[in-house]
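Since the structure comes first, as structure tokens, the remarks are kept for the end.
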Amino acid sequence: LGFNKVFDTDFSADLTIMEEATELLDRINNGGVLPLITSCSPGWVKYCEHYFPEQIDHLSSCKSPQQMFGAVIKTWYAKKMNLDPKDIVVVSIMPCTAKKFEAGRADQSASGYADVDYALTTRELGRMIETAGLAFNALPDEEFDNPLGEGSGAGVIFGATGGVMEAALRTAYEVLTGEELKAVEFTEVRGTDGIKEATYTIAGKEIKVCAASGLKNAQAVMEKVKAGTADYQFIEIMACPGGCVNGGGQPVQPASVRNFVDLKGIRGKALYEADANLPVRKSHENEAVKAVYAEYFEKPGSHVAHEVLHTHYVKRGKYSK
């Protein structure tokens, strides 16, 4: 299809966790705005800007994996490969239609150029493959290109509701305790239920979490945040029921399938199985992520990391764009 390099968004999902776990611990330890709410679902973020504008300080300042990836490609990678960012075209392949709006946000241009130039859905990619006459199932399997083709199991489960929460907890645990987390599965936040709650004690700190998917459930959780009755430290919200695996850009199945098969459950289960079979299951153990910090960002939450990997939000109100 004409691409020179194909990278894996699981890499930038790991990068997101490094920044978000650091932000969570900073807010807990230094009296920041709590609960911290995830910001990787652009449909959810825009909903919050419109319907809960006074609560946007709860949103993590971290860009989504899509936007972090584009920012890294046009800063660190461009410098490493001696490329001018204006000559790089970044195209994302996503399960989400809201990624198109996100890519066009004015604050998503760390290099001076748009972090992501074009956002395509998985459905659109399928049509492009068909139009190009490619026998996709006959193509040989290949690895992603390096150095941005490495992802951990924590990055893989981002696509399922509760996955971002679980990935962040895996890293937060080891940062807080300084000990190896041997049981890496936080099953209480797994599954396709609309709202899931759990409480974990880590290094003597009690951390209450909530994972919600679907905007109806997001509204219910946010009404509690607005009223000051949400006793959580960390909330994950996904606009789509079941998370990104059920995104609006995914292939549309006929009624004979979608009305009788739990597609989001099956897709989510596949992600957790992939995670279980990977040798690296924690974001902070991803060697490619370590290299990017060592060579460019220094450490999670650094000044340069905030310049490139973080963003801000807009109080839009109900009737603005």
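Data for the structure
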| quantity | calculated |
| --- | --- |
| Test for residue 180: is it more than 13 Å from the chain's Cα centre (by Cα) and either at pLDDT 95 or above or closer than 20 Å to residue 300 by Cβ (or both) | yes |
| Matching residues in the stretch 131-174 - criterion: being among the aliphatic types (A, V, I, L, M) and either part of a helix (DSSP H, G or I) or within 20 Å of the chain's Cα centre (by Cα) (or both) | 138, 148, 154, 156, 157, 160, 164, 165, 167, 168, 169, 172 |
| Boolean, residue 261 is surrounded by 15 or more Cβ atoms within 10 Å (Cβ to Cβ) and among the β-branched types (Val, Ile, Thr) | no |
| Number of positions in the stretch 296-306 that are part of a loop (DSSP other than H, G, I, E, B) and under 14 Å from residue 21 (Cβ atoms) | 3 |
| Subset of the stretch 94-114 [among the small types (Gly, Ala, Ser) and either part of a loop (DSSP other than H, G, I, E, B) or more than 25 Å from residue 84 (Cα to Cα) (or both)] | 98, 104, 106, 109, 110, 111, 112, 114 |
| Residue that is hydroxyl-bearing (Ser, Thr, Tyr), exposed (fewer than 14 other Cβ atoms within 10 Å of the Cβ) and in contact (Cβ under 8 Å) with a residue 12 or more places away in the chain, where the choices are 320, 256 | 320 |
| Identity of the residue in the stretch 81-93, closer than 18 Å to residue 9 by Cβ and assigned to a loop (DSSP other than H, G, I, E, B), that ends up nearest to the chain's Cα centre (by Cα) | 90 |
| Residue check, residue 243 under 22 Å from residue 219 (Cα atoms) and in contact with a Lys or Arg (Cβ under 8 Å, 6 or more places away or on another chain) | yes |
| Residues located in the stretch 29-43, provided they are assigned to a helix (DSSP H, G or I) and either touching a helix residue (DSSP H, G or I) at 6+ places or on another chain (Cβ under 8 Å) or crowded, with 18+ Cβ neighbours inside 10 Å (or both) | 42, 43 |
| The listed residue being outside any loop (DSSP other than H, G, I, E, B) and touching a helix residue (DSSP H, G or I) at 6+ places or on another chain (Cβ under 9 Å), out of 293, 313 | 293 |
| Residue match in the stretch 258-270 (condition: aromatic (Phe, Trp, Tyr) and more than 26 Å from residue 25 (Cβ to Cβ)) | yes |
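Here is a yes/no grid of residues against (1) under 30 Å from residue 201 (Cβ atoms); (2) among the basic types (Lys, Arg); (3) modelled with pLDDT of 95 or more; (4) more than 17 Å from the chain's Cα centre (by Cα):
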{"residue": "233", "(1), (2), (3), (4)": "yes, no, yes, yes"}
{"residue": "236", "(1), (2), (3), (4)": "yes, no, yes, no"}
{"residue": "243", "(1), (2), (3), (4)": "yes, no, yes, no"}
{"residue": "250", "(1), (2), (3), (4)": "no, no, yes, no"}
{"residue": "267", "(1), (2), (3), (4)": "no, yes, yes, no"}
{"residue": "282", "(1), (2), (3), (4)": "yes, yes, yes, no"}
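The values are calculated or read from the model by the stated rules, or taken from the named source; none is laboratory data. Only a predicted model underlies this, so the values are computations on that prediction, with no experimental measurement involved. Cβ: placed from backbone, ideal geometry, glycine included. Neighbour counts: every protein chain shown.
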